[in-house]
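Report on the structure given below.
The values are calculated or read from the model by the stated rules, or taken from the named source; none is laboratory data. It should be emphasised that the depicted structure is a prediction, and the values quoted were computed from it without experimental measurement. Virtual Cβ from ideal backbone geometry, glycine too; neighbours counted across all protein chains shown. Calculation scope for accessible area: heavy atoms of the full protein, side chains included, ligands and nucleic acids excluded. Shrake-Rupley method; radii C 1.70, N 1.55, O 1.52, S 1.80 Å.
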Amino acid sequence: MRAKARNAIYAGRYTQLKKMKFSLIIIFFPFVLFSQSPNYEIIERHSVYYKDLIYENVTYGNYAPTDLIGLDDNSLIISSSISISFPDRYAIHSETTKEYFKKLEEIDSKSHISSGSIIKLNKEFKKEWELIFKDKRVEKIKLTSNGEIIAVGERLDMKKFWVGIITNDGKIVWEKEFKNKKNSIIADIEIDSLNNLFILLESSRILPVQPNKNPYQKRRLVFFKESDEFGIYLTKISPRGNRKWTKNILQKRSYNGFGRDIKLNQNQILISYSYESHKRVNDSLISDEATVVTVLDQYGKIIKSIKTDNYKLLFLKKVPICASAESNNSNELVIEKDFKAFKTLVVPDEIKYYWLEEGVETDKGYYLFGSNSRNLGYFILGLNRNYELVNYWQSENSNGEHPIGIIIQSDGSIIVVGQKTDKNIALPYGNARYIDIIKLKTGV
C-alpha cells in the first residue's frame, strides 16, 4: 500500500512539473520537494594526500579517513588509517655501506602496513599537526567536555584495542591498551557528560571446550579454541583510562554479530547491531538473522531488546529516533520515534541506492548523510523540525567516493569528508586513496 501511494504521489508531482513553464519552476523551486536546493552549493573542495620523503624522493601512500570532529574555530580533526610502501625497500642492492643501512632504517621507520593517524586542519584546511600511531589503527574520535580528543582503535594484530587522550595541539596525555576476548574490532564509541567512554566492540570468543568437527579425523575435544564468530560487547572506561565494566550483549552461541551504533542520554544506553547464523528446523538448516536495538541502563543492565528493520540510531533524546539504514528495493526511508514508525520519506530517484551513515541536528532541522549508489558518492537529505524532506544534495559518482562524516560549522556551512581514489597515482596495490573534503553552503 505504501509503495502504491508513494508512486501515485510522485507521478502526480511529475505531471504537475511537466505542465509548468520554466519560469514557474524557478519561482517555486524552494518549495518543490524533490528539487536540488540552490542553497547546496560547493564553496570549496580539497584533497589531502599521504606522502613521505626519503632522500628527496617523494612516495605516495594511502589515507583512509575513519572519523571527523569539528571544533568551534572551524578547524577539523580527522582520523585515518594510513599505509605506505617505499620502492627502494624492495630494490636489489649490492651495497653494504653504513649509508645504505641507514637508508633502510629510515625506510622501515616510515613504512606503514596499517597504522593510524590523527590530523588537525585549520579553517583554511591547512595541516597544523599530525600524530601517527605505528601499527595501530584509529577507528573513532570524540571531543571531550574539556576540549581534548579521545581516540579509540585496534592494534594491527587485533589482539588488543587502545584508547588515548590527545590535546588540541597534538600532544598525547595518556594512552592505554585493553583486551577483550581473543580479538576485537571497534564498532562505535560515545562519551557521556562526565567523559566516561562507552565502546561497542565486536570480539571473537574463546570456546573452553569444543568437539573437533572434522569428519576425516578422530573425534576429540579441543580446548580454548578461538571461535570463528564475533560476539557483541559493550565496555565502559573512566576518564582516567580505567575499565569499569564489560557487558556481553549477544548471548547466542554460534552466532556472528556486527556492531552498528551507540547513543546515550542521562538514563539509557542504546546500541544497535545485527546477527546471523543458522538454526535447525526439523531436518533442515535455515537462516536465522536479525537487526536489534538493545536498551541498557546506565550501569550496563539490559532492559530490553527490540528487533527492527530500522536500526540506524540517529538521535537519543527523551526517546530514540531511528531510521532505515539502507535502501530495500524502494525509495522509502522510514523514521521511527520510540520504535514506532511515524514518518516515511520518499528519497529522490537520483539517489540510486542509499546507505545512511549519520544524522546531525541543527536549530532549523536535521541533516541525514550517507552513501549514494553503493558507496560511489555522497548524499545529504535536509529535513525540517517535523522530519519532512525539504531539500537534498548528492555528489558526482566518481572515483569511489566513500562517506565518512558531516559537520555543521559555526557559520552554517556544511563540511563533508570522505575517501576518494586518484586514478593517476598507481601504487603497488591499486591506486592512491586520499581524504576528500567538500565545503557547502547551508541547505536547511
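Go through the residues of the range 396-419 one by one and say whether even a single one is more than 19 Å from Gly70 (Cα to Cα), crowded, with 16+ Cβ neighbours inside 10 Å, in contact with an Asp or Glu (Cβ under 7 Å, 6 or more places away or on another chain) and at pLDDT 90 or above. No, every residue in the range 396-419 fails to be more than 19 Å from Gly70 (Cα to Cα), crowded, with 16+ Cβ neighbours inside 10 Å, in contact with an Asp or Glu (Cβ under 7 Å, 6 or more places away or on another chain) and at pLDDT 90 or above. Report yes if Asp283 is open to solvent by less than 60 Å² (accessible area, probe 1.4 Å) and acidic (Asp, Glu), otherwise no. No. Residues in the range 254-271 that are over 18 Å from Asp297 (Cβ atoms) and free of Cβ contacts under 8 Å to residues at least 40 places away in the same chain: 3 in all. Here the strands (runs of 3 or more DSSP E) wholly within the range 331-444 that include at least 3 residues being under 23 Å from Tyr63 (Cβ atoms) are 354-361, 365-372, 378-384, 402-408, 414-427, 430-440.
Among the residues of the range 372-380, are any within 26 Å of Pro320 (Cα to Cα) and surrounded by fewer than 18 Cβ atoms within 10 Å (Cβ to Cβ)?
no
Scan the range 257-273 for residues that are at pLDDT 90 or above and open to solvent by 30 Å² or more (accessible area, probe 1.4 Å) and jot them down. Talk me through it step by step, then tell me what you get.
In the first step, residues of the range 257-273 are kept if they are at pLDDT 90 or above; the result is 257-264, 268-273.
Selection gives Phe258, Arg260, Lys263, Leu264, Gln268.
Please determine whether any residue of the range 311-323 is open to solvent by 40 Å² or more (accessible area, probe 1.4 Å), part of a strand (DSSP E or B) and charged (D, E, K, R). No, that holds for no residue.
Looking only at the range 144-159, how many residues end up being under 20 Å from Arg260 (Cα atoms), at pLDDT 95 or above and open to solvent by 30 Å² or more (accessible area, probe 1.4 Å)?
We begin by selecting, within the range 144-159, every residue under 20 Å from Arg260 (Cα atoms); these are 150-154, 158.
Now narrow it down to the ones that are at pLDDT 95 or above: 150-154.
Adding the requirement that they be open to solvent by 30 Å² or more (accessible area, probe 1.4 Å) leaves none.
Counting residues in the range 144-159 that are under 20 Å from Arg260 (Cα atoms), at pLDDT 95 or above and open to solvent by 30 Å² or more (accessible area, probe 1.4 Å) gives 0.
From the list Lys103, Lys110, Lys98, the lone residue that is open to solvent by 70 Å² or more (accessible area, probe 1.4 Å), over 21 Å from the mean Cα position of the chain (by Cα), more than 29 Å from Leu440 (Cβ to Cβ) and not small (Gly, Ala, Ser) is Lys98.
Scanning the range 235-252 for residues that are within 22 Å of Glu175 (Cβ to Cβ), of a type in the set (A, V, I, L, M, F, W, C) and surrounded by 19 or more Cβ atoms within 10 Å (Cβ to Cβ) yields a single hit, Ile237. Of the set (1) within 21 Å of Tyr60 (Cβ to Cβ); (2) open to solvent by 70 Å² or more (accessible area, probe 1.4 Å), all apply to Lys171 but (1).
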